[in-house]
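Worksheet: one structure, shown below.
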Amino acid sequence: MGFFIRKRKNHFPVDGRTVVITGGSQGMGRGLAKLLAKKGSNVVIVARDVKKLQAAIEYISAAAANPQTQRFHYISADLTNPSESVRVIEEVTAWNNGQPPDIVWANAGTARPGLFVEIPIETLRAQMDANYWTATYLAHATLNCWLKPASAFPATEGPAPTLPRHFVITSSSLAFCGIAGYSAYSPAKAALRSLSDSLRSELNLYAGARRAKYGSAATAPPADIKIHSVYPGTILSPGHAAEEQSKHPVTKVLEEGDPAQTEDQVAAVAVRELEKGGYLISTQFLGSAMRASALQGSPRNNWFVDTVFSWATSIAWLFIGPDMEGKVYKWGKENGMTNAQ
């Protein structure tokens, strides 16, 4: 039977590598950090609240596969300030014996649901800051570090590392479908998808330069850089519990029956799909349907499955779209403009 079984290549090896995860003190970020600790990573988590970070790092380090060799660290930072992302990458590099992190996961974000006209302008801007700009600032700081030549960093013992570096962005399945009540949140998450596509395209320039027939290899980045984005749906977490407090009743109607995942479940699916080499990753079936129907120019993880799925969902949306709009119309007709819970 061994002849017929081909071991799948792991496109996202993490054992012995250093990983930075923002929003790592709770929810999906904490779940990711624990899972990667189990897989042998050195983990740095970033968030604002020091007490939550301390509790999370204790929880995460307890899951280490190799407690004698793995290392764990936390950094308190406000990533809505662009200089903080630069500081985080510099601090991690110093902590990592002068070498940049191998994987950076821009996972920080928060939702403040509500009807568009009822949301203060300050909240609209804050949602873009918390969800889009935190990831963008981190990407800018990380890529500026990673694209430096190897000579910019201390020499390491043995051969230079050749494994690709990975920058991962957590978006949301709402990037594929805007619904009533998420008009402050969905646009920021949709912008992250566009950022992912743009960075993925742009980084081919540097990958090509590393293999140029002419020129000095000393000026090229030491490793390829891979971009990925992850699109979870509902995650059962403290953040989700807070969202429920401000969520309009019609939003709850639209989300009724949507599947939910724990932080460990969403982390497991995201990492498994990264190991398969996925680029644009959904973490449950409903999100996969939404992703397939909105791929446009984004690369396919599996050209056959995604193409067939997109055909099926394009037909399904003929019924789903009007049904969702009808639910919002019906709620308004029966309840008026009240925001009563």
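The values are calculated or read from the model by the stated rules, or taken from the named source; none is laboratory data. On a predicted model such as this, the values are computed, not experimentally measured, just so you know. Cβ: placed from backbone, ideal geometry, glycine included. Neighbour counts: every protein chain shown.
Of all residues in the stretch 150-200, exactly one satisfies the criterion of being of a type in the set (Val, Ile, Thr), closer than 13 Å to ILE225 by Cα and either assigned to a helix (DSSP H, G or I) or at pLDDT 90 or above (or both), namely VAL168. Candidates in the stretch 34-44 are the residues that are aliphatic (A, V, I, L, M) and assigned to a helix (DSSP H, G or I); of these, the one that is surrounded by the fewest Cβ atoms within 10 Å (Cβ to Cβ) is LEU35.
Would you mind stating whether TYR279 is at pLDDT 85 or above, under 30 Å from LYS330 (Cβ atoms) and surrounded by 15 or more Cβ atoms within 10 Å (Cβ to Cβ)?
Values: at pLDDT 85 or above: yes; under 30 Å from LYS330 (Cβ atoms): no; surrounded by 15 or more Cβ atoms within 10 Å (Cβ to Cβ): yes.
When the stated conditions are applied, TYR279 does not pass them.
Matching residues to (1) over 20 Å from the mean Cα position of the chain (by Cα); (2) within 19 Å of TRP133 (Cβ to Cβ); (3) among the polar types (S, T, N, Q):
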| site | (1), (2), (3) |
| --- | --- |
| GLY181 | yes, no, no |
| ARG210 | yes, no, no |
| ILE227 | no, yes, no |
| ILE235 | no, no, no |
| VAL253 | yes, no, no |
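Within the stretch 222-254, being within 30 Å of PRO100 (Cα to Cα) and in contact with a Pro (Cβ under 8 Å, 6 or more places away or on another chain) holds for PRO222, ALA223, ASP224, ILE225, LYS226. Within the stretch 210-220, is even one residue closer than 27 Å to ASN144 by Cα, at pLDDT 90 or above and surrounded by 14 or more Cβ atoms within 10 Å (Cβ to Cβ)? No, there is no match, as no residue in the stretch 210-220 is closer than 27 Å to ASN144 by Cα, at pLDDT 90 or above and surrounded by 14 or more Cβ atoms within 10 Å (Cβ to Cβ). Is the stretch 299-318 home to any residue that is under 26 Å from ARG30 (Cβ atoms) and modelled with pLDDT of 70 or more? Within the stretch 299-318, not a single residue is under 26 Å from ARG30 (Cβ atoms) and modelled with pLDDT of 70 or more.
Taking the residues in the stretch 103-136 that are assigned to a helix (DSSP H, G or I) and in contact with a strand residue (DSSP E or B) (Cβ under 9 Å, 6 or more places away or on another chain) as candidates, determine which candidate is surrounded by the most Cβ atoms within 10 Å (Cβ to Cβ). Give the derivation first.
Restricting attention to the stretch 103-136, the residues satisfying the condition of being assigned to a helix (DSSP H, G or I) are 116-118, 121-136.
Next, from what is left, pick out any that are in contact with a strand residue (DSSP E or B) (Cβ under 9 Å, 6 or more places away or on another chain): 123, 134-136.
Numbers: THR123: 14, THR134: 28, ALA135: 31, THR136: 19.
Result: ALA135.
Screening the candidates ALA180, ALA139 for the property of being in contact with a helix residue (DSSP H, G or I) (Cβ under 7 Å, 6 or more places away or on another chain), over 19 Å from ILE89 (Cα atoms) and surrounded by 14 or more Cβ atoms within 10 Å (Cβ to Cβ) yields one hit, ALA180. Of all residues in the stretch 76-98, those that are farther than 14 Å from ALA47 by Cα and surrounded by fewer than 16 Cβ atoms within 10 Å (Cβ to Cβ) total 6.
The rows are residues; the columns are (1) assigned to a strand (DSSP E or B); (2) surrounded by 21 or more Cβ atoms within 10 Å (Cβ to Cβ); (3) not acidic (Asp, Glu).
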position	(1), (2), (3)
PHE12	no, yes, yes
GLY16	no, no, yes
ILE21	yes, yes, yes
GLY24	no, yes, yes
GLY29	no, yes, yes
LEU32	no, yes, yes
VAL46	yes, yes, yes
LYS51	no, no, yes
ALA55	no, no, yes
